[in-house]
Amino acid sequence: MTADSSLDRRFDRALASLRGLAVGDALGSQFFVPANYPLLKRRDLPAGPWQWTDDTEMACSVLAVLARHERIDQDALAHSFAEHHDFDRGYGPAVNRMLRLIREGGDWRELAAALFKGQGSWGNGAAMRVAPLGAWYADDPEQATHQAEISAYTTHQHREAVVGAMAVAAAAALAANPAGPPTPTDLLDGVVALVPRSAVGAGLRRARDMLDYGDAATVAAVLGSGRRTSAHDTVPFALWSAARALGDFEQVFWTTAQVGGDVDTTCAIAGGVVAAHAAGAPPAAWLEQTEELPDWVPTAVRS
Ligand SMILES: [Mg+2]
């Protein structure tokens, strides 16, 4: 095995995860439209094409930076976010403003640190975009959490947002194990072991204890499903849902979407984790209905 072929495999896994993330995001966002709620109940697909949102746009930057630098380069990542920022993709107001200021020459370190009166954002932005990074580091889950931590700081400096990103990257790395996806308990145990003590970590331990619950709505009522748009209100449920059906993208999608909340983000997280392993790729028909990734996304390492 040459160094290059292992790099190519990292890229292929990350791109596969990005595609799953984009399908989860784009299809999930369809269920913010009240007219589509009955479809969700029946597990019917809305008419395409489905447009992806900020989750996918930012994840494309994560993959682009990995393909070019083979690790997270914070300056390159912050500038890619700013350069490709499309105001109409559903970003939160604080991130919209920050990315505009970076484009105008502002320093991302100062801007990200100053958000929310100096506490930093504890939103989902760092977690929702990071599954492809975890897939990239499937051969080194600890490095996945380390690189995720570095990637988070470019926009989200509150501890919970950072740990949320670490948890999603760890989950994608473990899910992508070439030997086959782990059991639900092994996945969440593995993630818990890789993240520091935090509200996200506490939520993940609770999620692990609820793996045998059949009713997603009850689990979401306990863990949260993104209604408060914080990492600790979002990541534990998304990973609970992914862990329960690794290898079955459709099942994971419907379980995640049906409880409502921040549906494009919970489905982007769960979709990116499940699709990190080839067995969890989204159905071809779903990929066809999903808007294509932007043309600046690399198609190979160093392209
Ligand atoms: Mg979104």
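Go through the range 72-162 and tell me which helices (runs of 4 or more DSSP H), entirely inside it, have 1 or more residues that are charged (D, E, K, R).
Once the helices (runs of 4 or more DSSP H) in the range 72-162 are filtered for at least 1 residues that are charged (D, E, K, R), what remains is 74-84, 93-103, 108-118, 141-153.
I'd like the residue in the range 51-107 that is among the acidic types (Asp, Glu) and surrounded by fewer than 21 Cβ atoms within 10 Å (Cβ to Cβ) and, out of all such residues, is farthest from the ligand (Cβ to nearest atom).
Checking each candidate, the answer is 70.
Would you mind finding the one in 222, 200 that is surrounded by 24 or more Cβ atoms within 10 Å (Cβ to Cβ) and not small (Gly, Ala, Ser)?
Going through 222, 200 in turn, the sole match is 200.
Looking at 284, 278 in this structure, which one is in contact with a helix residue (DSSP H, G or I) (Cβ under 9 Å, 6 or more places away or on another chain), more than 16 Å from the ligand (Cβ to nearest atom), open to solvent by 20 Å² or more (accessible area, probe 1.4 Å) and more than 19 Å from residue 129 (Cβ to Cβ)?
Of 284, 278, the one residue that is in contact with a helix residue (DSSP H, G or I) (Cβ under 9 Å, 6 or more places away or on another chain), more than 16 Å from the ligand (Cβ to nearest atom), open to solvent by 20 Å² or more (accessible area, probe 1.4 Å) and more than 19 Å from residue 129 (Cβ to Cβ) is 278.
Looking only at residues in the range 51-68 that are touching an Asp or Glu at 6+ places or on another chain (Cβ under 7 Å) and assigned to a helix (DSSP H, G or I), which one is nearest to residue 128 (Cα to Cα)?
This residue is 55.
I'd like the full set of residues that are in contact with a helix residue (DSSP H, G or I) (Cβ under 8 Å, 6 or more places away or on another chain), away from the ligand (no atom under 14 Å from the Cβ) and open to solvent by 20 Å² or more (accessible area, probe 1.4 Å), limited to the range 1-33.
Within the range 1-33, 10, 13, 15, 16, 19 meet the criteria.
Please go through the range 275-303 and give me each residue that is closer than 19 Å to residue 173 by Cα and under 20 Å from the mean Cα position of the chain (by Cα), ordered by number.
Listed by number, the residues that qualify are 275, 276, 277, 278, 279, 280, 281, 282.
Name the single residue, out of those in the range 231-275 being part of a loop (DSSP other than H, G, I, E, B) and within 15 Å of the ligand (Cβ to nearest atom), that is modelled with the highest pLDDT.
Filtering the range 231-275 for residues that are part of a loop (DSSP other than H, G, I, E, B) and within 15 Å of the ligand (Cβ to nearest atom), the one modelled with the highest pLDDT comes out as 234.
The values are calculated or read from the model by the stated rules, or taken from the named source; none is laboratory data. All values reported here derive from a predicted model rather than from experimental measurement. No Cβ is skipped: glycine too gets one built from the backbone with ideal geometry, and neighbour counts run over all protein chains shown. Keep in mind that these areas ignore ligands, DNA and RNA; they rest on the heavy atoms of the full protein, side chains included. Shrake-Rupley method; radii C 1.70, N 1.55, O 1.52, S 1.80 Å.
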